[in-house]
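To keep things clear, I will list the structure first and then write my remarks on it.
Where a number appears in this text, it was derived from the coordinates with a stated rule and is not lab data. Predicted, not measured: the structure shown is a model, and the values here were computed from it. Don't worry about glycine lacking a Cβ; one is built from the backbone with ideal geometry, like all the others, and counts go over all protein chains shown.
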Amino acid sequence: MGKIVTVVIILGLAYLLFWPVPISPQAWTPPPAPPTDQGLFALKQRLQAAEVLAAGQGNGPEGVAIGPDGAVYAGFDDGRVFRLGPDGTTIDVLADTGGRPLGMVMTDRGLVIADALKGLLRLEADGRLTVLSTGSDGVPFRFVDDVDVGPDGRLYFSDASHRFAPDVLMDDFFEHSGNGRLLRYDPVSGETETLLDGLYFANGIAVGPGGDYVLVNETGRYQITRYWLQGPRAGQSELFVDNLPGFPDNISWDGEGRFWLALYAPRDPILDRILPHPWVRKVLRRLPEAIHPAPAKHAWLMALDTDGQIVLSAQAKGEAVFAPITSVERRGEWLYLGSLSYPGMARVRIDAIR
């Protein structure tokens, strides 16, 4: 019996150390996480005031768009795209993408949808779905994530990873090798161009005031990158916000001086410790997914000014809270919240979280 146990242990160790995995991890040492036990980032449970909408109608309305009449648009994880009336109670299913709708934006030509599996789509007035783009520079999209529209009608969107699709989402974080892209689609020419590549899980997109620049969240590096579209720095990029206390998801511009940022979850000290060690991440990748730690139920959103300074932070933690928050859109004094996995969306008054 002892020999059998020894053989099993040796085989188990050999598997954990040498079994092939589909990732090529790259070392990265993150900066020390900012303190979250006091000051602006202290947990004060302000997001407990969030009111759930469309409860039980579907799961995971990850991205939120607001129409000119106040209606809210989002998509469930089964592919359905829906409209929530301005009263917050009536729901109309508009289409089924057959994929996974994530971010979306209302444009003059209709609702544009970033579908992780199907590409960049537009919902026409007659209910048809038009495929706008499925790749750039000969590289197909694997994980279209978020989209925003510029003043000239051109669309800016993200491909979170050109290597890993949503069903193997964590592989991109285990690899951490810069597989994301920032892209632009011209509805007049029908052409798609890559503005930035080498991004670490390119996620939320927000066109800044006047269309001068576009922001793209790099979830894998706790940062937001700014790409200049106009002016003397057009075509150049820089850090807009660095060393965030959590994983930045979607971001939006409210037209009144604020960007609204959703944090999927706080940073994980264990992940930060293993990021400099590629071999450790290979070992963890070989472990059954069922024993990977799940993120805590933690809701977190922020407001930033045009200099990238965080001017508001609101959180709530606990099994009963609306979490995770993956998108924030403002209309008047309300913030509408999306979630990657919650069975419903939510809203909260800005006054309740100041």
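Do you know which residues across region 198-223 are closer than 15 Å to Asn250 by Cα and assigned to a loop (DSSP other than H, G, I, E, B)?
Hits for region 198-223 are Tyr200, Phe201, Gly208, Tyr222.
From the residues in region 198-247 that are more than 16 Å from the chain's Cα centre (by Cα) and of a type in the set (Gly, Ala, Ser), which one is nearest to Arg163 (Cα to Cα)?
It comes out as Gly198.
Considering only residues that are assigned to a loop (DSSP other than H, G, I, E, B) and under 17 Å from the mean Cα position of the chain (by Cα), look in region 162-197 and name the one that is nearest to Phe141 (Cα to Cα).
It comes out as His162.
Can you tell me which residues in region 94-110 are surrounded by 21 or more Cβ atoms within 10 Å (Cβ to Cβ) and not in a loop (DSSP other than H, G, I, E, B)?
Answer for region 94-110, where residues must be surrounded by 21 or more Cβ atoms within 10 Å (Cβ to Cβ) and not in a loop (DSSP other than H, G, I, E, B): Pro101, Leu102, Gly103, Met104, Val105.
Output the number of the condition that Asp152 fails; it satisfies all remaining conditions of (1) in a strand (DSSP E or B); (2) in contact with a Gly (Cβ under 9 Å, 6 or more places away or on another chain).
Checking Asp152 against (1) in a strand (DSSP E or B); (2) in contact with a Gly (Cβ under 9 Å, 6 or more places away or on another chain), the one that fails is (1).
Identify, please: which residue in region 245-270 is free of Cβ contacts under 8 Å to residues at least 40 places away in the same chain and of a type outside the set (D, E, K, R) and is, among those, nearest to Glu218 (Cα to Cα)?
Phe247
Would you mention how many residues in region 268-313 are closer than 20 Å to Leu215 by Cβ and of a type outside the set (Val, Ile, Thr)?
Selection size over region 268-313: 11.
Name the residues in region 256-315 that are more than 18 Å from the chain's Cα centre (by Cα), buried (at least 16 other Cβ atoms within 10 Å of the Cβ) and basic (Lys, Arg), would you?
Arg258, Arg281, Lys282, Arg285 - these are the residues of region 256-315 that are more than 18 Å from the chain's Cα centre (by Cα), buried (at least 16 other Cβ atoms within 10 Å of the Cβ) and basic (Lys, Arg).
Any idea which residue in region 207-231 is farthest from Ala303 (Cα to Cα), counting only those that are surrounded by fewer than 24 Cβ atoms within 10 Å (Cβ to Cβ) and among the small types (Gly, Ala, Ser)?
Among residues in region 207-231 that are surrounded by fewer than 24 Cβ atoms within 10 Å (Cβ to Cβ) and among the small types (Gly, Ala, Ser), the one farthest from Ala303 (Cα to Cα) is Gly231.
For region 27-57, name all the residues that are farther than 15 Å from Thr90 by Cβ, crowded, with 18+ Cβ neighbours inside 10 Å and of a type outside the set (Phe, Trp, Tyr).
Matches in region 27-57: Arg46, Leu47, Gln48, Ala50.
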